[in-house]
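Worksheet for the structure shown next.
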Amino acid sequence: MTSKNIHVAIVGGGISGLAAANALVHRGISVAVYEQSSALREVGAGVFIYPNSLRQLERMGLGDALSRVGAKVGSGSEYYRMDGTLVGKILTTDSSGWNGMYGMHRADLLQVLADALPSTTIHTGHKCVGFSQDEHGAQLSFENGKVVHADVVIAADGIHSVLQKHVVEPSAPEYAGFRAYRGVLPFEKVPGWRREAHQVWMGDGKHFMVFPLRSGTLLNYVGFIPTNNQTAESWSAVGDRDELAASFAGWDPRVTDLLSKVETCFWWGLYDRKPLNQWVNGRLALLGDAAHPMLPHLGQGANQGIEDGTALAVLLQSRGSSDSIETVLHRYEALRRPRTSMVQAEARKNGMRYDSMYKDLAQRDREIANSATFRKSLYDYDIEKEAASLNC
């Protein structure tokens, strides 16, 4: 069986699942996506697409579509203390100087990914309820009674993955102790705001950030606030805008002025999970949040999912005639698990910096100001080349 004869089934129609589908289609591999909801939807607000994943999406032919709906992020991107004192610049380029970074509405990104796929690829209203496999293939069963067969099954069904239990012993996600308030404002409501800027204010156990969305017409804001009460992971839980404003009272006037314009907001709880010790079981592989949910403090969650899908597609396309499906999937795990474990850990560390969990703020500020070296290595990484090198 060559790569052209492989059929891949992806469970989960979110950003990571659809990105993986695009990577597979781009390399001539048959794929179907099964999403439990009746329609594709992303109700969250902003997401960053960084150089490490944007270059992969551009190679799939999605560059023009992304540029139409994304907001370029670059000029004026900075870190501040809570009072507005400048700490340092935020790196928005890779080491070559390529400014490949967008702020995007999640719904816009999902639509771009869906529109690029053949019309018969995505199947909504398919809630996966069963999985089995043998030496001949894998089988998925769905609540609606449908049964499908595939050579490879990819679980891209999120932090509460129903397929994860077929790979590892399930473990509950870990609450990070923070509630994140989020929302968007039209740019005309905050005149004078830097249209290409990603800005982060840090102080007293919390932090606040803003960045542009939707071709620069919307401003995305997020306030991270500690809480002892676990908050639901829901992207659509209505938040208390007065509590949000009160939490940042006395901060930089730019922050307090913006929050005075907020009429409604949403909140969600922050969760991740310690790195799993296994991603693959036979013909089944985990991908995205099903494999490596991470805190948002590096903005890499979706980006690492896009890297996962690219790696998987490259390895399946280039597998040798003597390589079994299982061999290729274990190669995928061996390539991806160390990198995502590192990013998960760095996201936690960065959250501690942002929330000023340092006795010596000057040390924190130095680490933030010097973070460009790490970010360059993060953005320079080319998963397509790394995956291709395994088959040389």
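Is it the case that Thr310 is within 17 Å of the chain's Cα centre (by Cα) and either at pLDDT 95 or above or under 21 Å from Ile154 (Cα atoms) (or both)? Spelling it out, Thr310 is indeed within 17 Å of the chain's Cα centre (by Cα) and either at pLDDT 95 or above or under 21 Å from Ile154 (Cα atoms) (or both).
Within segment 233-249, the residues that satisfy the criterion of being at pLDDT below 95 and in a loop (DSSP other than H, G, I, E, B) are Glu233, Ser234, Trp235, Ser236, Gly239, Asp240. Taken together, the residues in segment 188-206 that are touching a Lys or Arg at 6+ places or on another chain (Cβ under 9 Å) and open to solvent by less than 10 Å² (accessible area, probe 1.4 Å) amount to 5. Which residues, taken from segment 12-31, are open to solvent by less than 10 Å² (accessible area, probe 1.4 Å), within 12 Å of Val152 (Cβ to Cβ) and not in a helix (DSSP H, G or I)? Correct list: Ile29 only. Look at (1) touching a helix residue (DSSP H, G or I) at 6+ places or on another chain (Cβ under 7 Å); (2) at negative phi and you find that Gly84 fails only one, number (2). Screening Tyr80 on (1) surrounded by 24 or more Cβ atoms within 10 Å (Cβ to Cβ); (2) part of a strand (DSSP E or B) shows it passes everything except condition (1).
Of all residues in segment 250-282, those being open to solvent by 10 Å² or more (accessible area, probe 1.4 Å), closer than 17 Å to Arg336 by Cβ and assigned to a loop (DSSP other than H, G, I, E, B) number 6. Residues in segment 342-368 that are at pLDDT below 95, assigned to a helix (DSSP H, G or I) and open to solvent by 50 Å² or more (accessible area, probe 1.4 Å): Arg348, Lys349, Met352, Leu361, Gln363, Arg366, Glu367. Checking each residue in segment 319-336 for being open to solvent by 50 Å² or more (accessible area, probe 1.4 Å) and outside any helix (DSSP H, G or I) picks out Ser321, Ser322.
Among residues of segment 90-104 that are assigned to a loop (DSSP other than H, G, I, E, B), those with a beta-carbon under 9 Å from a residue that is among the acidic types (Asp, Glu) at least six positions away or on a different chain give the pairs Ile90/Glu78; Thr92/Glu196; Asp94/Asp380; Ser95/Asp380; Ser96/Asp380; Gly100/Glu58; Gly100/Asp94. Consider segment 369-388 and keep the residues that are in a helix (DSSP H, G or I) and of a type in the set (Ser, Thr, Tyr). The one that is most open to solvent (accessible area, probe 1.4 Å) is Thr373. Apart from one condition, Gly88 fits all of (1) open to solvent by less than 20 Å² (accessible area, probe 1.4 Å); (2) more than 30 Å from Trp251 (Cβ to Cβ); (3) modelled with pLDDT under 95; the exception is (2).
When segment 152-176 is limited to residues that are open to solvent by 20 Å² or more (accessible area, probe 1.4 Å) and not in a loop (DSSP other than H, G, I, E, B), the one that is farthest from Ala9 (Cα to Cα) turns out to be Ala176. Evaluated against (1) open to solvent by 40 Å² or more (accessible area, probe 1.4 Å); (2) farther than 22 Å from Arg214 by Cβ; (3) modelled with pLDDT under 95; (4) of a type outside the set (A, V, I, L, M), Ser75 falls short on exactly one condition, (2).
Does Pro118 satisfy being touching a helix residue (DSSP H, G or I) at 6+ places or on another chain (Cβ under 8 Å), closer than 30 Å to Gly63 by Cα and part of a loop (DSSP other than H, G, I, E, B)? For Pro118, the condition - touching a helix residue (DSSP H, G or I) at 6+ places or on another chain (Cβ under 8 Å), closer than 30 Å to Gly63 by Cα and part of a loop (DSSP other than H, G, I, E, B) - is met. Taking the conditions (1) in contact with a strand residue (DSSP E or B) (Cβ under 8 Å, 6 or more places away or on another chain); (2) basic (Lys, Arg); (3) farther than 30 Å from Ala362 by Cβ in turn, Lys89 satisfies each one other than (3).
The values are calculated or read from the model by the stated rules, or taken from the named source; none is laboratory data. This structure is a prediction, so every number in the text was calculated from the model and none was measured. Here the Cβ is made from the backbone with ideal geometry for all residues, glycine too, and neighbour counts use every protein chain on show. Accessible surface is based on the protein model in full, side chains and every heavy atom, while ligands, DNA and RNA are left aside. Shrake-Rupley method; radii C 1.70, N 1.55, O 1.52, S 1.80 Å.
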